[in-house]
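I am attaching a structure below and will ask some questions about it afterwards.
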Amino acid sequence: MPVLRQPLLLLARSGRVKRLVTAMPVSAGIVRSYVPGERTQDAVRATGELVDDHLRVTLDYLGEDTLDAEQADATVQAYLDALAALSARGLTRHAEVSVKLSAVGQAISQQGRKIALENARTICRAARNAGTTVTLDMEDHTTTDATLATLRELRKDFPETGAVLQAYLHRTEADCRALAYEGSRVRLCKGAYDEPAAAAFQSRLDVDRSYVRCLKVLLAGQGYPMIATHDPRMITIASSLASRNGREAGSYEFQMLYGIRPDEQRRLAAAGETVRVYVPYGTEWYGYLMRRLAERPQNLTFFLRSLISKK
Ligand SMILES: Cc1cc2nc3c(=O)[nH]c(=O)nc-3n(C[C@H](O)[C@H](O)[C@H](O)COP(=O)(O)OP(=O)(O)OC[C@H]3O[C@@H](n4cnc5c(N)ncnc54)[C@H](O)[C@@H]3O)c2cc1C
């Protein structure tokens, strides 16, 4: 793992640094390269542009760890607005939404899980009515069991709801086996949080090996794997495992983040693969940005330069 990963993820929790960084307008260089804007219309515009380029989209209204029921309600409303706007533009055939349960109330004490389930249900219902689906993002390992339990509940009424599994967790290969059933949409990513050795592999090599083991399970299984990585090696391995398992294009998909390896996104789509771009938007971009910087500390110089030029 890059040496700077842990300090950057720690900084992500500092209120002072957050105040400094968020004083930058969203258009400031590095933020703008990962987040198309703060408003629903920015997200829908970016979606339209990506769809024109034969890509699919999952929209994420940024925000996490809310302890405030009103804030959770506002997040639900933002998703309903986004789904209505996508529907009005005829984009829901190509665009779904990704939801963090902690943004819709999971972390609120006592009733949090119940509140998050009901809020997620409201979004799933609106997505279904708009002709699309929801994927539940996965957050740090202390929330994995709760998130998978909520997923099971949601899938009773909305079996199309997607799950996310993180290859860096020791438990994930087993979770892949449990979720590789027919109709089950599973996004496999490496994982973006700072996790302890008791829960997660710590070296890049071990995470990559786990990613490949998980790919084998998902691509040999009956579900719909969503291969979320920018790593050229993982993409090549996934492609050959897909053909070895007799999977046709369209029985799985690749996913990448907005602004990361856009040429590769278009290359894969032109080669006939289904490619979905994760598009985050909204004012709460701080935690998301810090995780992206932690993945790629080379971006830090660029980031610091844009920070200083605003002071
Ligand atoms: C669609 C999608 C959804 C995701 N959802 C979740 C989730 O719910 N929960 C979660 O924990 N994580 C999620 N992630 C993040 C994921 O866990 C990784 O942190 C992230 O994708 C980087 O891992 P990688 O597989 O791309 O491999 P890496 O080995 O980190 O990167 C491989 C290559 O990709 C490029 N790259 C990677 N990151 C960057 C960057 N920030 N800037 C520029 N280039 C970069 C570089 O060329 C790098 O060499 C998601 C990722 C994607 C693509």
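If you check residue 112 against the conditions, is it more than 18 Å from the chain's Cα centre (by Cα) and under 30 Å from residue 266 (Cα atoms)? Spell out the reasoning first.
Numbers: more than 18 Å from the chain's Cα centre (by Cα): yes; under 30 Å from residue 266 (Cα atoms): no.
Spelling it out, it is not the case that residue 112 is more than 18 Å from the chain's Cα centre (by Cα) and under 30 Å from residue 266 (Cα atoms).
Is one or more of the residues making up the range 268-277 of a type in the set (Val, Ile, Thr) and either within 19 Å of residue 172 (Cα to Cα) or away from the ligand (no atom under 14 Å from the Cβ) (or both)? Steps first, answer last, please.
Restricting attention to the range 268-277, the residues satisfying the condition of being of a type in the set (Val, Ile, Thr) are 274-275, 277.
Within this subset, residues satisfying the condition of being either within 19 Å of residue 172 (Cα to Cα) or away from the ligand (no atom under 14 Å from the Cβ) (or both) are none.
No: zero hits.
Out of the residues in the range 222-236 that are surrounded by fewer than 19 Cβ atoms within 10 Å (Cβ to Cβ) and not β-branched (Val, Ile, Thr), which is farthest from the ligand (Cβ to nearest atom)?
Residue satisfying both the conditions and the ranking: 222.
Still on this structure, I have one more. Taking the condition of being under 23 Å from residue 212 (Cβ atoms) and in a helix (DSSP H, G or I), how many residues in the range 152-183 meet it?
Result for the range 152-183: 8.
Moving on. Just to verify a result, which residue in the range 212-221, among those that are surrounded by fewer than 18 Cβ atoms within 10 Å (Cβ to Cβ) and away from the ligand (no atom under 14 Å from the Cβ), is farthest from residue 159 (Cα to Cα)? Don't jump to the end; show me each part of the working.
Kept after step one, since they are surrounded by fewer than 18 Cβ atoms within 10 Å (Cβ to Cβ), are these residues of the range 212-221: 212-213, 216, 220.
Filter again for away from the ligand (no atom under 14 Å from the Cβ), leaving 213, 216, 220.
Numbers: 213: 25, 216: 23, 220: 20 Å.
Applying the filter and picking the extreme gives 213.
Only one residue in 40, 58, 66 is touching a residue at least 12 places away in the same chain (Cβ under 8 Å), surrounded by 19 or more Cβ atoms within 10 Å (Cβ to Cβ) and within 16 Å of residue 276 (Cβ to Cβ). Which one?
Details: 40 fails: within 16 Å of residue 276 (Cβ to Cβ); 66 fails: within 16 Å of residue 276 (Cβ to Cβ).
When all the criteria are applied, what remains is 58.
Being surrounded by fewer than 22 Cβ atoms within 10 Å (Cβ to Cβ) and within 10 Å of the ligand (Cβ to nearest atom) narrows it down to one residue among 295, 284; which is it? Step through it out loud before you land on a result.
On the way: 284 fails: within 10 Å of the ligand (Cβ to nearest atom).
Only one candidate passes the filter, namely 295.
Based on this model, can you work out whether residue 76 counts as assigned to a helix (DSSP H, G or I), surrounded by 19 or more Cβ atoms within 10 Å (Cβ to Cβ) and without any contact (Cβ under 8 Å) to a residue 60 or more places away in the chain? Can you show your working first?
On the way: assigned to a helix (DSSP H, G or I): yes; surrounded by 19 or more Cβ atoms within 10 Å (Cβ to Cβ): yes; without any contact (Cβ under 8 Å) to a residue 60 or more places away in the chain: yes.
Answer is yes for this residue.
Residue under question is residue 239, and the condition is that it be at pLDDT 95 or above, crowded, with 17+ Cβ neighbours inside 10 Å and not aromatic (Phe, Trp, Tyr); does it hold? I'd like the intermediate steps shown before the answer.
On the way: at pLDDT 95 or above: yes; crowded, with 17+ Cβ neighbours inside 10 Å: yes; not aromatic (Phe, Trp, Tyr): yes.
Judged against the criteria, residue 239 is a match.
OK, next. Could you tell me whether any residue of the range 55-69 is within 26 Å of residue 144 (Cα to Cα) and assigned to a helix (DSSP H, G or I)?
Going residue by residue through the range 55-69, those that are within 26 Å of residue 144 (Cα to Cα) are 57-69.
Going one step further and asking which of them are assigned to a helix (DSSP H, G or I), we end up with 69.
Among the residues of the range 55-69, at least one is within 26 Å of residue 144 (Cα to Cα) and assigned to a helix (DSSP H, G or I), which makes the answer yes.
Let me ask something else. Tally the residues that are within 16 Å of the ligand (Cβ to nearest atom) and of a type outside the set (A, V, I, L, M), restricting the search to the range 80-106.
Keep residues of the range 80-106 that are within 16 Å of the ligand (Cβ to nearest atom), which gives 94-104, 106.
Then drop every residue that is not of a type outside the set (A, V, I, L, M), which leaves 94, 96, 98, 100, 102, 106.
Residues meeting the conditions: 6.
Can you tell me how many residues in the range 161-208 are away from the ligand (no atom under 12 Å from the Cβ), in contact (Cβ under 8 Å) with a residue 40 or more places away in the chain and aliphatic (A, V, I, L, M)?
3
Could you tell me which of the residues 107, 85, 103 is surrounded by 24 or more Cβ atoms within 10 Å (Cβ to Cβ), among the small types (Gly, Ala, Ser) and either at pLDDT 95 or above or in a loop (DSSP other than H, G, I, E, B) (or both)? Don't jump to the end; show me each part of the working.
Values: 107 fails: surrounded by 24 or more Cβ atoms within 10 Å (Cβ to Cβ); 85 fails: surrounded by 24 or more Cβ atoms within 10 Å (Cβ to Cβ).
Every option except 103 fails the conditions.
Restricting to the range 156-184, name every residue that is over 18 Å from the mean Cα position of the chain (by Cα), surrounded by 13 or more Cβ atoms within 10 Å (Cβ to Cβ) and closer than 12 Å to residue 117 by Cβ.
Passing the criteria: only 158.
Evaluate the following for residue 246: is it farther than 20 Å from residue 277 by Cα, assigned to a loop (DSSP other than H, G, I, E, B) and of a type outside the set (S, T, N, Q)? Can you show your working first?
Values: farther than 20 Å from residue 277 by Cα: yes; assigned to a loop (DSSP other than H, G, I, E, B): yes; of a type outside the set (S, T, N, Q): yes.
The answer is yes for residue 246.
The values are calculated or read from the model by the stated rules, or taken from the named source; none is laboratory data. Everything numeric here is computed off the predicted structure, so don't read it as measured data. For neighbour counting, all protein chains shown are included, and Cβ atoms are generated from backbone atoms with ideal geometry for every residue, glycine included.
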